[in-house]
Amino acid sequence: MGAGWKNPLKEEKANKKGQVISKIAREISVAAKLGGPDPEGNARLKLAIIEARAVSCPRDTIERAIKKGAGLLEGEKAIEELTYEGSGPYGVGVIVECQTDNKNRTVSELRRIFTHHKGSLGETNSASWKFDRVSVVTGKKAAVGDPDEEAIEVNANSVEKNADGTYSFFGSPTDLDSMRTALIGRGWEVTGAERSYVAKNKTDLNQEQLKEIHELLQEIEDFDDTHRIHATI
């Protein structure tokens, strides 16, 4: 929840190294564009570089992505962040965050995918009203103690333990940096910090319907321009 949809039945598809590295490189470029090329002064860029190193992204790929985002490479198209809203079958709300250098290509392909799976790419506010906008900070700590108490101390509204042993803290969209800083100050190793979306209510689906939605979301995720997906499931 919050950090984006991931098909639990097909996670191995998300581990295609070339696609993963390409997406991480775009995130590095966007982070450098928005916050500057120095990771020590740009928390989003620093986290993106950590993620890149975790999947053995080549150093020159990281450096080139930073330079591209910072506008230091001539003739390179700028990467921009775009958010699209849509509806899947059975009224499932979907938000797709993209990073692209070609808006027309992105919207055309997303529309094709939604239509192919009996859904539709909507207008602004066609799905976002089904979600709350939140900050999500994920981290790990050797001795956690009471996670709810940790959440109170860093001004988070709630906390969840993830399958990999990390914890995700959810708070106001304006509290991202303060939550991250507070967690670091309390001895947490922060592995992710982002503004995200959480479904206000989950769409009630049977197993066959859920399978159809997973197929839609997986095809969206396999699209190179997709950065994150959020759905009311």
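The values are calculated or read from the model by the stated rules, or taken from the named source; none is laboratory data. Only a predicted model underlies this, so the values are computations on that prediction, with no experimental measurement involved. With ideal geometry, Cβ positions are generated from the backbone for all residues, glycine too; neighbour counts draw on all protein chains shown.
For the range 47-56, filtering for residues that are surrounded by fewer than 17 Cβ atoms within 10 Å (Cβ to Cβ) and closer than 11 Å to VAL190 by Cα leaves 1.
Of the residues making up the range 142-168, those that are at pLDDT 95 or above, within 14 Å of ARG186 (Cβ to Cβ) and part of a loop (DSSP other than H, G, I, E, B) number 4.
Looking at ILE95, is it touching a His at 6+ places or on another chain (Cβ under 8 Å) and either closer than 28 Å to ASN206 by Cα or in a helix (DSSP H, G or I) (or both)? Here the answer is yes, as ILE95 does meet what is asked. For the range 194-213, a tally of residues being assigned to a strand (DSSP E or B) and in contact with a helix residue (DSSP H, G or I) (Cβ under 8 Å, 6 or more places away or on another chain) returns 4. Selection of the range 88-103 for residues being of a type outside the set (A, V, I, L, M, F, W, C) and in contact with a helix residue (DSSP H, G or I) (Cβ under 8 Å, 6 or more places away or on another chain) yields GLY88, PRO89, TYR90, GLY93, GLN99, THR100.
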